Amino acid sequence: MASTLNKRLELHEMLKNICDNVYFSPPSGHKLKYPCIIYDRGYTKVSYGDNSPYMLDTRYTLTVIDPDPDSEIAPQIERLQKCSFDRHFVSDDLNHDVFTIYY
């Protein structure tokens, strides 16, 4: 079973292929470059077999932040496996598209 860190780094590289600016849990006040993808880890869904964990899917929240309301990044994220669109909102004249992905 791949480690959680290895899977997260794999996800990070996959996101970097979509957008140059990718941040994992950036600290508050961190200067972001737009457009960007911010992602945070949530809980891990564990599948059991024979009373032992055999598959771990970690839930991540991905947020695409783009000044362009017709972002080209959001549709690419939406096409990823085990990914679903949650919501859209505008804050400080920036468009935010929020997704959930299990990876």
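Kindly indicate which of Pro53, Pro26 is surrounded by fewer than 17 Cβ atoms within 10 Å (Cβ to Cβ) and at pLDDT 80 or above. Walk me through how you get there before you give the answer.
On the way: Pro53 fails: at pLDDT 80 or above.
Going through Pro53, Pro26 in turn, the sole match is Pro26.
Mind checking whether some residue in the stretch 30-39 is closer than 15 Å to Ile101 by Cβ, loosely packed, with under 15 Cβ neighbours inside 10 Å and at pLDDT 95 or above?
If we filter the stretch 30-39 for residues that are closer than 15 Å to Ile101 by Cβ, which is where we start, we get 37-39.
Now narrow it down to the ones that are loosely packed, with under 15 Cβ neighbours inside 10 Å: none.
No, the stretch 30-39 contains no residue that is closer than 15 Å to Ile101 by Cβ, loosely packed, with under 15 Cβ neighbours inside 10 Å and at pLDDT 95 or above.
Under 7 Å between Cβ atoms, which residue pairs at least 6 apart in sequence (or on different chains) link something in the stretch 13-33 that is at positive phi with a partner that is exposed (fewer than 15 other Cβ atoms within 10 Å of the Cβ) and modelled with pLDDT of 95 or more?
Here the result reads Ser25/Asp40, each pair linking the stretch 13-33 to a residue that is exposed (fewer than 15 other Cβ atoms within 10 Å of the Cβ) and modelled with pLDDT of 95 or more.
For residues that are at pLDDT 90 or above and in contact with a Lys or Arg (Cβ under 9 Å, 6 or more places away or on another chain), scanning just the stretch 1-22, find the one that is surrounded by the most Cβ atoms within 10 Å (Cβ to Cβ).
My answer is Val22.
Residues being over 13 Å from the mean Cα position of the chain (by Cα) and in contact (Cβ under 8 Å) with a residue 24 or more places away in the chain: count how many of those fall in the stretch 75-99.
Total satisfying the criteria: 3.
Output the residue which, of all residues in the stretch 75-103 that are at pLDDT 95 or above and among the hydroxyl-bearing types (Ser, Thr, Tyr), is nearest to Thr61 (Cα to Cα).
Per the stated criteria, the residue is Thr100.
Quick one: in the stretch 44-81, which of the residues that are out of contact with any Pro (no Cβ under 8 Å at 6 or more places or on another chain) and hydrophobic (A, V, I, L, M, F, W, C) is nearest to Leu5 (Cα to Cα)?
So the residue we want is Leu56.
The values are calculated or read from the model by the stated rules, or taken from the named source; none is laboratory data. None of the values given here were measured: they were computed from a predicted structure. Neighbour counts are summed over all protein chains in view; Cβ atoms, including those assigned to glycine, are modelled from backbone coordinates with ideal geometry.
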